[in-house]
Amino acid sequence: MHVNWFKDPDNVVYCKEEEVLPRLSKELGIGDLAERVAAFRAAPAAEGINLKGLRRTTLKLFVPNLTFPEPIEMGENVWIYMGELCPAYCLYTPWEDGEKK
């Protein structure tokens with residue numbers, strides 16, 4: 001993983017987690033993906049965590065601004081990385097009326 005790959009907008013999908021996690025959970029065979037993301041968000045680790053799915057898949061949950069020495073746009077959020085052949089998913093919670101939910 002290299003920070004410049006994540007800075008390229010062609011490699012990143014910015015999405016609301018409630019819209020993408022149910023689909024990814026089903027496709028990857030990780031039934032508790034939403035819960036694992038919530039637990040990681042509550043206690044993130046700089047190196048991230050790897051999750052194995054049932055269909056020979058692995059993904060990495062990480063927070064780019066903890067992982068890389070330089071901050072990136074939206075890097076304070078939890079991201080899902082499945083390798084350079086797939087887009088990275090930046091999971092964000094939209095703000096309402098200028099405040100976080």
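The values are calculated or read from the model by the stated rules, or taken from the named source; none is laboratory data. Remember, predicted model here, so these are calculated numbers, not experimental data. Heads up, the Cβs are rebuilt from the backbone with ideal geometry, glycines too, and the neighbour counts pull from every protein chain shown. For the accessible areas, the whole protein counts, side chains as well, though only heavy atoms, and no ligand, DNA or RNA atoms are used. Shrake-Rupley method; radii C 1.70, N 1.55, O 1.52, S 1.80 Å.
Within region 24-63, the residues that satisfy the criterion of being among the charged types (D, E, K, R), more than 14 Å from the chain's Cα centre (by Cα) and closer than 20 Å to residue 86 by Cα are 26, 27, 52, 55, 56. Against the numbered list (1) more than 25 Å from residue 69 (Cβ to Cβ); (2) open to solvent by less than 70 Å² (accessible area, probe 1.4 Å), residue 40 comes up short only at (1). Note on region 1-17: among residues that are more than 15 Å from residue 85 (Cβ to Cβ) and touching a residue at least 12 places away in the same chain (Cβ under 8 Å), the one that is surrounded by the most Cβ atoms within 10 Å (Cβ to Cβ) is 17.
Of everything listed in (1) exposed (fewer than 15 other Cβ atoms within 10 Å of the Cβ); (2) at pLDDT 90 or above; (3) more than 13 Å from the chain's Cα centre (by Cα), the single unmet condition for residue 76 is (3).
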